[in-house]
Amino acid sequence: MDTKPWTGFRARIYSIIWRSPKTNSLVVKLAGLSASDRVLDIGCGPGVAVRKAAAIVVDGEAAGVDRSEPMVDIARRRSRRFPNARFEVGSAESLPFPDESFTKVWTAHSFHHWEDRVAGLAEMLRVLADGGRGFILETDGKKHGLTDDAAAAVMADMERLGFQHLAIEKVDKQVIISGVCVS
C-alpha cells in the first residue's frame with residue numbers, strides 16, 4: 001500500500017511505461033458494457049480503461065477516480081476527445097460521487113493500494129445502482145496481487161457488506177472478484 005498519492009514525476013513515468021496493459025481491455029470486456037452503462041474505474045491511473053469504456057458507453061458515462069492529482073491531470077488531457085469521460089481526484093474510501101451513480105464499478109491493479117479495503121468496498125457498493133456489478137481485478141499472486149486466501153477474504157468482506165452473486169475467476173494470470181448490488 002502507498003501511504004500518499006503519487007507525485008507528478010512518478011505519475012508521468014507510470015503513464016508512459018504502462019500506457020495500455022492488456023488488463024485494461026480485459027476489465028472492460030469482463031464488465032460486458034452496453035451503450036447506456038455508467039461506469040467507474042477506481043484507481044484509474046492515466047485513464048486507459050476509462051477511454052476504452054467511453055468508446056462503448058456512448059449513451060452513458062465513463063468516469064475515473066484516482067487519489068493522485070497529477071495522474072488525474074494526465075487522464076483528463078489524454079481523454080479530451082471523449083465527451084462522456086470524466087475524472088475526479090479522490091480515494092476509494094471516499095468516492096466523490098452520489099449514491100447509485102454507476103451500473104459497473106471496477107478497480108484494476110489498484111486494490112492493493114487502498115488504505116482501508118473494507119471502506120473502499122463499502123464505497124463501491126454505495127455508488128453502484130441496484131443490479132450494478134462491481135469488479136476487483138488483481139494479479140494472481142503475493143506481490144501487488146491477491147493470493148487465493150486473500151481473494152477469499154475479500155469475497156467474504158464483500159458478502160458481509162451486502163454484495164450478492166459473488167464470484168471469483170482467474171483469467172490470464174489475473175484474479176477477478178465480482179459481485180452484484182441488490183438494494
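The values are calculated or read from the model by the stated rules, or taken from the named source; none is laboratory data. It should be emphasised that the depicted structure is a prediction, and the values quoted were computed from it without experimental measurement. All Cβ positions, even for glycine, are placed from backbone atoms using ideal geometry, and neighbour counts span all protein chains on display. Protein only, heavy atoms only, side chains kept; ligands, DNA and RNA dropped before computing areas. Shrake-Rupley method; radii C 1.70, N 1.55, O 1.52, S 1.80 Å.
Just one of (i) 0.93; (ii) 1.32; (iii) 0.98 is Cα Rg over 2.2 N^0.38 Å calculated from these coordinates, so which is it? Matching the structure shown: (i). Across segment 171-176, rounded Karplus estimates of 3J(HN,Hα) from the backbone phi angles (6.51 cos²θ - 1.76 cosθ + 1.60, θ = phi - 60°) give 9, 6, 6, 10, 9, 10 Hz, Gly and Pro being marked x. Look at the alpha carbon pairs under 8 Å that are at least 6 residues apart: their mean separation over the length of the chain gives a relative contact order of 18 percent. What you get for the chain, charging only the Cβ of Lys and Arg (+1) and of Asp and Glu (-1), is a dipole of about 1000 debye around the Cα centre.
Simple rule: put +1 on each Lys or Arg Cβ and -1 on each Asp or Glu Cβ in the chain, find the dipole, and look at Leu146, Thr23, Ala156; the Cα lying farthest toward the positive end is Thr23.
For the chain, the solvent-accessible area with a 1.4 angstrom probe is 48 square angstrom per residue. Which percent of the accessible area of segment 85-156 is formed by carbon and sulfur heavy atoms (probe 1.4 angstrom)? Looking at segment 85-156 in its full context, I get 51 percent from C and S.
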